[in-house]
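Okay, structure first, notes after.
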Amino acid sequence: MTQAQTISTYQPLLHSIAYNLVKCKADAEDIVQETFLRWLTIDHQKIANTKAYLIKAVTNNCLSHLEALKRKKEECIESISSSEFVQKLKEVNFNHLDLEVDLKYAFKVMQEKLQPLERAVFLLKEVFDFDYEALQKTLDKKKDHCRQLLSRARKKLEEGTSKVHDLPSPSHLLDSFKKACTMENASDLVAQLKDDIAEAIRKKF
């Protein structure tokens, strides 16, 4: 086949593979185009099976693309300061898929870096404006201790050096957080935070 015939023959297959991997039509088209452009620059006599070569090439390009997106998201989340982190949580539009994904990742950051009690103080004080008196009553911790916990949580979030591992998304806490934001009622969130703290204590014994 000529180069034009090869492109015409395999383009639909490669686009289907790319789209199934990256789940974005525009990105899939760009990856397939890049794959063909690279293919055009090499010595075709060295390729024993053109179809197999193109499938492998487009698959590798998709995986590289996904890995680059993952690194970019991690760098974005881990580079923000605690104040920016809080602002991002407050401004989330839960009807937008990309921001929903960002929010899940943000909660994974907190799950990775903060202990349950630190997480509770941080969310209630920084996002929902609980004062220290309310924190003391809600969490049964002295105000000075809550101040220390908040300072520690901010410092951990500002470090931004550790890589977030592939932890399961804390969906129970995330659902309560979204409900608290949209209904302006943090009772379910407080209950979930307390449950997480109690569970952490039980695991120590």
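The values are calculated or read from the model by the stated rules, or taken from the named source; none is laboratory data. Fair warning: this is a prediction, and the values are worked out from it, not measured in the lab. Because the Cβ atoms are built from the backbone with ideal geometry, glycine has one as well, and the counts that use them run over all protein chains shown.
Could you tell me whether Thr161 is at pLDDT 90 or above and of a type in the set (Ser, Thr, Tyr)?
no
Read through the list (1) in contact (Cβ under 8 Å) with a residue 40 or more places away in the chain; (2) not in a helix (DSSP H, G or I), then give the number of the only condition that Cys62 fails.
With respect to (1) in contact (Cβ under 8 Å) with a residue 40 or more places away in the chain; (2) not in a helix (DSSP H, G or I), Cys62 is out only on (2).
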